[in-house]
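Below is one structure, written out as structure tokens; the observations come after it.
The values are calculated or read from the model by the stated rules, or taken from the named source; none is laboratory data. No experiment lies behind these values; they were computed from the predicted model shown. Positions of Cβ are backbone-derived with ideal geometry, glycine not excepted, and every protein chain shown enters the neighbour counts. Surface areas here come from the heavy atoms of the whole protein model, side chains and all, with no ligands, DNA or RNA. Shrake-Rupley method; radii C 1.70, N 1.55, O 1.52, S 1.80 Å.
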Amino acid sequence: MTEHAPETPSEPAAEPPGGRTSRHGPAPDPVRDPWLDPMGLALEEAVRATAGGDVPVGAVLLGPDGAVLGRGHNEREANGDPTAHAEVLAIRGAARALGGWRLHGCTLLVTLEPCTMCAGAAVLARLRRVVYGARDDKAGAAGSLWDVVRDRRLNHRPEVICGVREEECGRLLTDFFRGAGDRDG
């Protein structure tokens with residue numbers, strides 16, 4: 001049975017008081033708003049990472065029809081695997097579900113901007129789109145520090161949409177690291 005991400009309503013919702021119709025600003029955002037609910041699934045995955053002592057990053061991979069094909073959350077600490085990033089695990093799950101490595105038409109949603117490894121995996125998997133929440137100015141490779149995903153020298157360049165539920169995604173990480181001293185002692 002294939003799970004589907006919550007559907008985007010076909011008719012715009014009634015405008016709430018104050019005129020705000022989007023979480024991204026005073027007007028609807030046709031680029032980011034369709035990804036609000038699916039990013040909620042990635043946020044749920046991110047919360048699961050903390051149970052294993054991992055940084056709360058979560059990812060979901062949607063097929064062209066919006067079906068969830070893969071999910072993942074960081075498991076580096078839990079599994080002792082340096083490659084067990086949320087994005088890689090979601091991509092692996094989708095490849096298993098589809099029976100092949102080419103994930104044409106698929107969208108990866110992740111709570112934190114992908115690192116160089118994960119950005120490379122997105123390119124190699126032939127993803128249509130990468131949607132992320134919080135920027136990673138220290139290690140991001142989808143537009144902030146590097147831009148591996150849109151490097152013109154590569155034969156495939158997924159579309160990138162950033163800033164979806166950015167505050168929620170960033171807060172989850174900030175809260176985790178502020179409590180790190182409590183966990184280490």
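Computed values, structure above
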item: Verdict on Val110 being open to solvent by less than 30 Å² (accessible area, probe 1.4 Å), within 26 Å of Pro34 (Cβ to Cβ), β-branched (Val, Ile, Thr) and not in a helix (DSSP H, G or I); result: yes
item: In segment 52-77, the residues that are out of contact with any strand residue (DSSP E or B) (no Cβ under 6 Å at 6 or more places or on another chain) and not in a helix (DSSP H, G or I); result: Gly53, Asp54, Val55, Pro56, Pro64, Asp65, Asn74, Glu75
item: Options Asp151, Asp175: the member that is over 17 Å from the mean Cα position of the chain (by Cα) and assigned to a helix (DSSP H, G or I); result: Asp175
item: Among the candidates Glu166, Glu159, residue that is within 14 Å of the chain's Cα centre (by Cα) and surrounded by fewer than 18 Cβ atoms within 10 Å (Cβ to Cβ); result: Glu159
item: Segment 87-99, residues that are open to solvent by 30 Å² or more (accessible area, probe 1.4 Å) and either free of Cβ contacts under 8 Å to residues at least 12 places away in the same chain or of a type in the set (D, E, K, R) (or both); result: Arg92, Arg96, Gly99
item: Set Asp136, Asp184: member being at pLDDT below 95 and among the acidic types (Asp, Glu); result: Asp184
